Amino acid sequence: MKTSWYREPWAWLVFILPCIAVVASITTYIIANTDADTLVVGDYYKTGKAINLQVAKVKQAQKLGMRFGLKLVNNELIIKPTGIEKSFPLINISFFHPTLEEKDFYLALTPDGNGYFRHRFDHNISGKWKITLTPFENHWKIQDTISLPQNDFIDIVPDPTKAQ
(Lines give C-alpha, C1' and ligand atoms only; values in the text may rest on other atoms or scores of the structure.)
Protein backbone atom coordinates (compact mmCIF):
# COMPACT_ATOMS: atom_id res chain seq x y z
CA MET A 1 0.00 0.00 0.00
CA LYS A 2 1.43 3.35 -1.07
CA THR A 3 0.93 6.51 1.03
CA SER A 4 1.40 10.14 0.14
CA TRP A 5 4.76 11.72 0.94
CA TYR A 6 3.24 14.19 3.40
CA ARG A 7 1.94 11.32 5.52
CA GLU A 8 5.44 9.95 6.09
CA PRO A 9 7.09 11.24 9.32
CA TRP A 10 10.60 10.91 7.85
CA ALA A 11 9.73 13.29 5.05
CA TRP A 12 8.73 15.96 7.56
CA LEU A 13 11.95 15.42 9.47
CA VAL A 14 13.96 15.94 6.28
CA PHE A 15 12.11 19.21 5.53
CA ILE A 16 11.77 20.63 9.06
CA LEU A 17 15.45 20.48 10.08
CA PRO A 18 16.75 22.64 7.19
CA CYS A 19 13.84 25.07 7.65
CA ILE A 20 14.68 25.47 11.34
CA ALA A 21 18.33 26.10 10.42
CA VAL A 22 17.34 28.80 7.92
CA VAL A 23 15.02 30.53 10.42
CA ALA A 24 17.70 30.36 13.16
CA SER A 25 20.37 31.81 10.88
CA ILE A 26 18.12 34.71 9.80
CA THR A 27 17.28 35.41 13.46
CA THR A 28 20.97 35.33 14.39
CA TYR A 29 21.80 37.73 11.56
CA ILE A 30 19.10 40.18 12.68
CA ILE A 31 20.25 40.06 16.32
CA ALA A 32 23.91 40.52 15.34
CA ASN A 33 23.19 43.58 13.18
CA THR A 34 20.63 45.31 15.40
CA ASP A 35 23.02 46.73 18.04
CA ALA A 36 26.52 47.95 17.37
CA ASP A 37 29.29 46.11 19.16
CA THR A 38 31.51 47.96 21.60
CA LEU A 39 35.01 48.46 20.33
CA VAL A 40 37.82 46.37 21.68
CA VAL A 41 40.88 48.39 22.60
CA GLY A 42 43.31 48.05 19.74
CA ASP A 43 46.43 49.19 21.53
CA TYR A 44 46.06 47.53 24.91
CA TYR A 45 49.68 48.31 25.84
CA LYS A 46 49.06 52.05 25.53
CA THR A 47 45.85 51.67 27.55
CA GLY A 48 47.75 49.81 30.26
CA LYS A 49 50.32 52.60 30.44
CA ALA A 50 47.49 55.14 30.77
CA ILE A 51 46.03 53.15 33.68
CA ASN A 52 49.43 53.25 35.38
CA LEU A 53 49.44 57.04 34.94
CA GLN A 54 45.99 57.22 36.56
CA VAL A 55 47.21 55.11 39.48
CA ALA A 56 50.16 57.50 39.85
CA LYS A 57 47.72 60.43 40.07
CA VAL A 58 45.72 58.65 42.79
CA LYS A 59 48.93 57.87 44.70
CA GLN A 60 49.87 61.56 44.41
CA ALA A 61 46.51 62.50 45.97
CA GLN A 62 47.17 59.97 48.72
CA LYS A 63 50.64 61.40 49.32
CA LEU A 64 49.27 64.96 49.50
CA GLY A 65 46.60 63.89 52.02
CA MET A 66 43.61 64.79 49.86
CA ARG A 67 40.24 63.91 51.37
CA PHE A 68 36.80 65.25 50.72
CA GLY A 69 33.36 64.95 52.24
CA LEU A 70 30.39 64.75 49.90
CA LYS A 71 26.66 64.89 50.45
CA LEU A 72 23.58 65.50 48.34
CA VAL A 73 20.49 66.79 50.11
CA ASN A 74 17.44 68.28 48.35
CA ASN A 75 19.27 68.18 44.99
CA GLU A 76 22.13 70.29 46.38
CA LEU A 77 25.60 68.77 46.11
CA ILE A 78 28.07 69.87 48.79
CA ILE A 79 31.74 68.90 48.68
CA LYS A 80 34.05 69.98 51.47
CA PRO A 81 37.80 69.45 51.68
CA THR A 82 38.56 67.50 54.87
CA GLY A 83 42.16 66.43 54.30
CA ILE A 84 44.75 69.15 54.00
CA GLU A 85 44.21 72.78 54.78
CA LYS A 86 44.53 74.10 51.26
CA SER A 87 42.18 76.18 49.19
CA PHE A 88 41.38 75.08 45.68
CA PRO A 89 40.37 77.60 43.04
CA LEU A 90 38.48 74.96 41.08
CA ILE A 91 37.50 71.31 41.47
CA ASN A 92 36.49 69.22 38.47
CA ILE A 93 34.03 66.48 39.31
CA SER A 94 32.84 63.93 36.76
CA PHE A 95 29.83 61.70 37.32
CA PHE A 96 29.72 58.41 35.44
CA HIS A 97 26.57 56.30 35.46
CA PRO A 98 27.36 52.56 35.69
CA THR A 99 25.15 51.54 32.77
CA LEU A 100 23.87 54.57 30.83
CA GLU A 101 26.57 56.67 29.17
CA GLU A 102 24.11 59.42 28.18
CA LYS A 103 23.57 60.22 31.89
CA ASP A 104 27.28 61.01 32.47
CA PHE A 105 28.07 64.66 33.22
CA TYR A 106 30.87 66.94 34.37
CA LEU A 107 30.97 69.90 36.78
CA ALA A 108 33.63 72.54 37.40
CA LEU A 109 32.98 73.97 40.87
CA THR A 110 34.48 76.97 42.63
CA PRO A 111 34.48 77.30 46.43
CA ASP A 112 32.11 79.46 48.40
CA GLY A 113 33.16 81.62 51.37
CA ASN A 114 33.50 78.57 53.65
CA GLY A 115 35.67 76.68 51.15
CA TYR A 116 32.82 74.30 50.25
CA PHE A 117 31.99 73.45 46.65
CA ARG A 118 28.25 73.58 45.94
CA HIS A 119 25.97 72.88 43.03
CA ARG A 120 22.17 72.79 42.86
CA PHE A 121 20.64 70.36 40.38
CA ASP A 122 17.33 71.05 38.67
CA HIS A 123 16.72 67.30 38.25
CA ASN A 124 17.07 64.22 40.44
CA ILE A 125 20.45 62.43 40.26
CA SER A 126 19.78 59.70 42.78
CA GLY A 127 21.32 56.30 42.22
CA LYS A 128 24.75 54.75 41.94
CA TRP A 129 27.53 56.88 40.42
CA LYS A 130 31.25 56.60 39.86
CA ILE A 131 32.78 59.99 40.58
CA THR A 132 36.17 61.45 39.78
CA LEU A 133 37.59 64.51 41.54
CA THR A 134 40.53 66.37 40.04
CA PRO A 135 42.03 69.83 40.54
CA PHE A 136 42.32 72.42 37.81
CA GLU A 137 45.97 71.45 37.21
CA ASN A 138 45.00 67.75 36.96
CA HIS A 139 48.05 66.54 38.90
CA TRP A 140 46.10 64.32 41.32
CA LYS A 141 42.88 62.36 41.12
CA ILE A 142 40.38 60.68 43.43
CA GLN A 143 37.83 58.12 42.24
CA ASP A 144 35.06 56.43 44.17
CA THR A 145 31.68 54.80 43.67
CA ILE A 146 28.85 56.34 45.67
CA SER A 147 25.10 56.08 46.05
CA LEU A 148 23.07 59.27 46.08
CA PRO A 149 21.32 60.96 47.85
CA GLN A 150 23.40 61.16 51.04
CA ASN A 151 22.12 63.11 54.04
CA ASP A 152 25.45 62.88 55.89
CA PHE A 153 28.89 63.58 54.53
CA ILE A 154 30.60 60.52 53.10
CA ASP A 155 34.38 60.36 52.85
CA ILE A 156 35.94 60.44 49.42
CA VAL A 157 39.53 59.28 49.85
CA PRO A 158 42.19 58.32 47.30
CA ASP A 159 42.42 54.57 46.80
CA PRO A 160 44.78 53.23 44.09
CA THR A 161 42.70 50.07 43.71
CA LYS A 162 39.81 52.17 42.37
CA ALA A 163 41.88 54.00 39.73
CA GLN A 164 41.01 53.49 36.07
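Key figures
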{"read-out": "Restricting region 84-94 to residues that are of a type outside the set (Lys, Arg) and part of a loop (DSSP other than H, G, I, E, B), the residue that is modelled with the lowest pLDDT", "value": "Glu85"}
{"read-out": "Meets criteria (within 19 Å of the chain's Cα centre (by Cα) and either of a type in the set (Asp, Glu) or part of a loop (DSSP other than H, G, I, E, B) (or both)) for Asn114", "value": "no"}
{"read-out": "Asp144 touching a residue at least 60 places away in the same chain (Cβ under 8 Å) and in a strand (DSSP E or B)", "value": "no"}
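Yes/no per residue for (1) surrounded by 11 or more Cβ atoms within 10 Å (Cβ to Cβ); (2) at positive phi; (3) at pLDDT below 85:
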{"residue": "Phe96", "(1), (2), (3)": "yes, no, no"}
{"residue": "Phe105", "(1), (2), (3)": "yes, no, no"}
{"residue": "Arg118", "(1), (2), (3)": "yes, no, no"}
{"residue": "Asn124", "(1), (2), (3)": "no, no, no"}
{"residue": "Trp129", "(1), (2), (3)": "yes, no, no"}
{"residue": "Asn138", "(1), (2), (3)": "no, yes, yes"}
{"residue": "Pro149", "(1), (2), (3)": "yes, no, yes"}
{"residue": "Pro160", "(1), (2), (3)": "yes, no, yes"}
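The values are calculated or read from the model by the stated rules, or taken from the named source; none is laboratory data. These figures come from a predicted structure and were not determined experimentally. All Cβ positions, even for glycine, are placed from backbone atoms using ideal geometry, and neighbour counts span all protein chains on display.
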